[in-house]
Amino acid sequence: DVKVTQSSRYLVKRTGEKVFLECVQDMDHENMFWYRQDPGLGLRLIYFSYDVKMKEKGDIPEGYSVSREKKERFSLILESASTNQTSMYLCASSEASGNTIYFGEGSWLTVV
Amino acid sequence: GENVEQHPSTLSVQEGDSAVIKCTYSDSASNYFPWYKQELGKRPQLIIDIRSNVGEKKDQRIAVTLNKTAKHFSLHITETQPEDSAVYFCAASIAGNTPLVFGKGTRLSVIA
């Protein structure tokens, strides 16, 4: 059974703070993704990675960066959190040639 | 890039009735179309998918149809039950090549 773990489920951060959201998958998947979910806007792709140390911008990368130092771990970084980054963040992974993506439980971030 | 439109945004049906959710996509090169179900407070999970070489796929009470010419695909749920209440997302991609692009979601409520 695929497991994608987001270590922080609920966070409250102050404006301007640096925020790290961590994601680990245990299925040796090559591909990893970060999506943001907001009511009425669906799931929007922030960044993705098809290999270690590789990253690609998604549709809404502004204000975010990512790190993939190890195959199983994909971190989302908010360099200076702002209130408009209050949202639910979903990490996902898939095989290299696979299309099915498996989501983590999500991280609820509130920036005050 | 790909753009996926999903309708309706909310849908209420009586228990036992059918529900239909429709999506259109813009990139004619897209060939993989999954549907995800997200129950309240949980992660999105794949419920059915279809590839562009078939026109219809069924799995018990759910079915998906694809019209490549018109670039639209639909989810059909028959004999709806209260546990079908959730948010449903359609998505599209070029299999193994591009990340999934999601629609904005449909909140389905099944009224007992």
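Taken together, the values in this text are just the output of simple stated rules run on the coordinates, not laboratory data. Every value quoted in this text rests on a predicted model; they were computed, and no experiment measured them. Every residue, glycine among them, receives a Cβ derived from its backbone with ideal geometry; neighbour counts consider all protein chains shown.
For this structure, a couple of remarks:
- Neighbours of residue A:62 by Cβ distance under 14 Å: Lys/Arg scored +1, Asp/Glu scored -1, total +1.
- For the peptides B:84-95, A:5-16, A:75-86, the ranking by mean Cβ contacts within 10 Å, running from highest to lowest, is B:84-95, A:75-86, A:5-16.
- Taking trypsin sites (Lys or Arg not before Pro) across segment A:19-112, the ones in a DSSP loop with at most 11 further Cβ atoms lying within 10 angstrom of their Cβ are A:53.
- Sorted fewest first by neighbouring Cβ atoms within 10 angstrom, A:110, B:65 come out as A:110, B:65.
- Segment B:1-64: trypsin sites (Lys or Arg not before Pro) falling in loop per DSSP and having at most 15 other Cβ within 10 Å: B:42, B:61
- Ranking B:94, B:76, B:16 by Cα position along the charge dipole of the protein assembly as shown, where only Lys, Arg, Asp and Glu carry charges on their C-beta atoms, puts B:94 farthest toward the positive end.
- Residues of segment A:82-112 falling in the label zone of residue A:11, defined by backbone nitrogen less than 19 Å from a point 7 Å along Cα to beta-carbon, are A:82-93, A:103-112.
- Taking B:76, A:29 and counting other C-beta atoms within 10 Å, the order from fewest to most: B:76, A:29
- Electrostatic bookkeeping for residue B:59 treats Lys and Arg as +1 and Asp and Glu as -1; over the other residues with beta carbon under 15 Å from its beta carbon, the sum is +1.
- Near residue B:98, once Lys and Arg are set to +1 and Asp and Glu to -1 for all other residues with Cβ below 9 Å from its Cβ, the sum equals -2.
- Gap separating the Cα centres of segment A:35-112 and segment B:21-73, nearest whole Å: 23 Å
- Sorted by Cβ density within 10 Å, fewest first, the residues B:13, A:112: A:112, B:13
- Shielding by partners for peptide B:46-55, expressed as the average number of C-beta atoms from other protein chains within 10 Å of each residue's C-beta, is 1.
- Averaged over B:93-100, number of beta-carbon atoms from partner chains that fall within 10 Å: 5
- Across every direction, the projection of the convex hull enclosing the Cα atoms of chain B has a mean area of 6.6 nm².
- Shielding of A:39-46 by partner chains, average beta-carbon count, 10 Å: 5
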